[in-house]
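Some notes on the structure that comes next.
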Amino acid sequence: MKTTLNISEDLISTAMILSGRKTKTETVAEALQEYIRVKKIEKLLEQEGKLRFDGLWETARHER
């Protein structure tokens, strides 16, 4: 999908150097994938202490 973005040249150049990617497209795709990965991890961490688990870990592990 072709999309037009207004990204500062300094920002994209720095990202390309740090990522080692050769094209702007590869750089932006990698940055978006990393952003999504981090946000998913943050959402999981928000659940810490909110999930209730009844039973023993060893028992549940072997019941699969």
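The values are calculated or read from the model by the stated rules, or taken from the named source; none is laboratory data. Model, not experiment: these values are computed from the prediction. Neighbour counts are summed over all protein chains in view; Cβ atoms, including those assigned to glycine, are modelled from backbone coordinates with ideal geometry.
Within the bounds of region 29-36, is there any residue that is modelled with pLDDT of 95 or more, in a helix (DSSP H, G or I), of a type in the set (Asp, Glu) and surrounded by 10 or more Cβ atoms within 10 Å (Cβ to Cβ)?
At the first step, the residues of region 29-36 found to be modelled with pLDDT of 95 or more are 29-36.
Then drop every residue that is not in a helix (DSSP H, G or I), which leaves 29-36.
Right, trim to of a type in the set (Asp, Glu) and you get 30, 34.
If we keep only those that are surrounded by 10 or more Cβ atoms within 10 Å (Cβ to Cβ) too, we end up with 30, 34.
Yes.
Across region 37-57, what is the number of residues that are over 19 Å from the mean Cα position of the chain (by Cα) and either modelled with pLDDT of 95 or more or surrounded by 10 or more Cβ atoms within 10 Å (Cβ to Cβ) (or both)?
Step one: filter region 37-57 for residues over 19 Å from the mean Cα position of the chain (by Cα), giving 49-57.
Filter once more, so that each one left must be either modelled with pLDDT of 95 or more or surrounded by 10 or more Cβ atoms within 10 Å (Cβ to Cβ) (or both): none.
Total meeting the criteria: 0.
Listed by first and then second residue, the pairs linking a residue in region 23-41 that is under 16 Å from Lys2 (Cα atoms) and free of Cβ contacts under 8 Å to residues at least 40 places away in the same chain to a residue that is in a helix (DSSP H, G or I) and β-branched (Val, Ile, Thr), with Cβ atoms under 9 Å apart and 6 or more places separating them unless they lie on different chains, are Lys24/Ile12; Thr27/Ile12; Val28/Ile12.
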